[in-house]
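> Have a look at this one before I ask anything.
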């Protein structure tokens, strides 16, 4: 309990509460339950990607190709939808997750087998993925009237008052909370990033762990790819352009250490919600677009400063006696 | 390299084919070449359709519709060279590069060929005149008119633009604000920016609907913005209450028009553009002078007046609605 009180998650919860308070003072309708549901739904893609990114960052890597993976998978499923309009949604979901996972594996293999720095690998694949969309379509868009109705309806279908998109985010949060805290693989992610040498001695293959981290991130990006294009009912080369940075920002705000080894699923969830609330509030509180960017940027800087403060390990005093000797 | 050979082969075949055809027709025919950015693009195929329509009206005019197989300046230079060799009377070009084509087009003008650019312009030295599809004041007026047309009693409208620094959009919005007093009852309540990202534009549209309950129309002079607004209005169940309008492409907007979220929108009409370019090229080749202030007729599209740079704007953007969307959605 004491640990929770001092934890990053509680700090974030308080910050989110304050944020909602400030917003509601300017625009009371923002905290109406129906609007909060809409905000959560709008933030769901960010939550999905942030969880994948968190796992990758835990292993001392970074995945800059998530948004490009999302766009490519989104385009591929859209093209499949045009070719085979009657394909059941379950099959479509499977294709999206599998295709995204394969793209993630490609990142993972390069990092694992060729030992190329992850930032370079994913910077490269980011461009490759976007380029592939252009090759597939020659820059043409897939538009809402070309997509089948079931394809578009899935993420908006409401179950118990919540759209399917939100339910998927909730399911993934629960699934990965269990994976990260209760399974060998989950603990291996922490070990591989926290102390790679110790992890190796403990029998963990660090490279392979990183490979799986990239695969999971890719699979989640693929899943989000389908949800994204069906929600906005359009697929084109620049879908979610620059979104990878928002995803990394959500992780950083959520207390995930860029140095690896520190972070949690609830942290990533709250970090994503924090950014999602800001993104949804700024349009209604009537702030100049130039200030919007400055506010989002300011929130990130504050979070990084807090991170640096919280994660600074106090230096160990090796010779206690020597210290008192003088 | 292989591709280059293929392009020149195509150009060569085209040359041979047109030589054959010229021997077949009477010599007093005027031959106007419509050179496009690349073959196989719906927008330009439609422009060629307009050019042929103009040729039919003029009589004794033969249109040579040509262009490279990919959108490169080098490809267009090869095409221009082959057209010079054929001795066409006029070239009307939509350029892949404003400067790279100038030497080749100058050579054409030295040989007495009339050269104009349309759609995408050539630098001043490389053409006699340039035809813009529209102009900033015309676009600004059109986007307000589109909203006003469907609000007989007036009401609140909002603009959802691309980025706050987008030059084109800002100029159009400024022009729109200037003509606003001409539309009584139309009240512009906000201008927001979706950064040409679907998720941000969608959120901004949602924000507009939440902040302004009496909103009657969202005007988005950008393709990403208009689609995202249309989706946001659809998802909010406000089709019929809020009309999404602005600038978009028929192929992308067909769904929005079908659902009723968009009653009408605008963009240049490629058929009119090809028609006007042909009419202008014909007039200049017949001896009309292209100079600042000159007024040149272009058939059913009226006439254009050249500005200081010998450029002119064709017309208001063309309005698309449920009556013509099916015809155009397969074109571009």
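The values are calculated or read from the model by the stated rules, or taken from the named source; none is laboratory data. Here the structure is a predicted model, which is why all the values come from computation and not from measurement. As a convention, Cβ positions derive from the backbone with ideal geometry for all residues, glycine included, and neighbour counts pool all protein chains shown.
> Cβ-Cβ below 6 Å, separation at least six or inter-chain, first residue in region A:269-294 and within 9 Å of chain B (Cβ to nearest Cβ) and without any contact (Cβ under 8 Å) to a residue 60 or more places away in the chain, second in a helix (DSSP H, G or I) and buried (at least 23 other Cβ atoms within 10 Å of the Cβ): which pairs?
So the pair list comes out as A:283/B:203; A:283/B:204; A:283/B:207.
> Identify the residue in region A:142-180 that is in contact with a strand residue (DSSP E or B) (Cβ under 7 Å, 6 or more places away or on another chain) and crowded, with 18+ Cβ neighbours inside 10 Å and, among all such residues, is nearest to residue A:44 (Cα to Cα).
Filtering region A:142-180 for residues that are in contact with a strand residue (DSSP E or B) (Cβ under 7 Å, 6 or more places away or on another chain) and crowded, with 18+ Cβ neighbours inside 10 Å, the one nearest to residue A:44 (Cα to Cα) comes out as A:155.
One line per residue, one yes/no per condition, for (1) crowded, with 21+ Cβ neighbours inside 10 Å; (2) within 14 Å of another protein chain (Cβ to nearest Cβ); (3) part of a helix (DSSP H, G or I):
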| residue | (1), (2), (3) |
| --- | --- |
| A:17 | no, no, yes |
| A:21 | no, no, yes |
| A:45 | yes, yes, yes |
| A:57 | yes, no, yes |
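> Inside region B:244-266, can you point out the residues that are within 15 Å of the chain's Cα centre (by Cα), buried (at least 24 other Cβ atoms within 10 Å of the Cβ) and either in a helix (DSSP H, G or I) or within 13 Å of another protein chain (Cβ to nearest Cβ) (or both)?
The one that is within 15 Å of the chain's Cα centre (by Cα), buried (at least 24 other Cβ atoms within 10 Å of the Cβ) and either in a helix (DSSP H, G or I) or within 13 Å of another protein chain (Cβ to nearest Cβ) (or both): B:248.
> Let me ask another. Going by the conditions given, is residue A:206 under 30 Å from residue B:236 (Cα atoms), touching a residue at least 40 places away in the same chain (Cβ under 8 Å) and in contact with a helix residue (DSSP H, G or I) (Cβ under 9 Å, 6 or more places away or on another chain)?
Here the answer is no, as residue A:206 does not meet what is asked.
> Still on this structure, please answer the following. What number of residues within region B:149-169 are closer than 22 Å to residue B:185 by Cα and surrounded by fewer than 24 Cβ atoms within 10 Å (Cβ to Cβ)?
8
> Can you tell me how many residues in region B:34-70 are crowded, with 20+ Cβ neighbours inside 10 Å and free of Cβ contacts under 8 Å to residues at least 40 places away in the same chain?
So the count comes out to 1.
> Is it true that some residue in region B:105-114 is touching a helix residue (DSSP H, G or I) at 6+ places or on another chain (Cβ under 7 Å), at pLDDT 90 or above and assigned to a strand (DSSP E or B)?
yes
> I'm trying to understand the selection: among the residues of region A:223-249, which are closer than 16 Å to residue A:50 by Cα, within 14 Å of chain B (Cβ to nearest Cβ), touching a residue at least 40 places away in the same chain (Cβ under 8 Å) and part of a helix (DSSP H, G or I)?
Of everything in region A:223-249, those that are closer than 16 Å to residue A:50 by Cα, within 14 Å of chain B (Cβ to nearest Cβ), touching a residue at least 40 places away in the same chain (Cβ under 8 Å) and part of a helix (DSSP H, G or I) turn out to be A:224, A:225, A:227, A:228, A:243, A:244, A:246, A:247.
> Residue check, residue A:35 against (1) within 14 Å of another protein chain (Cβ to nearest Cβ); (2) under 13 Å from the mean Cα position of the chain (by Cα), all met but one. Which one?
Only one criterion is unmet by residue A:35, namely (2).
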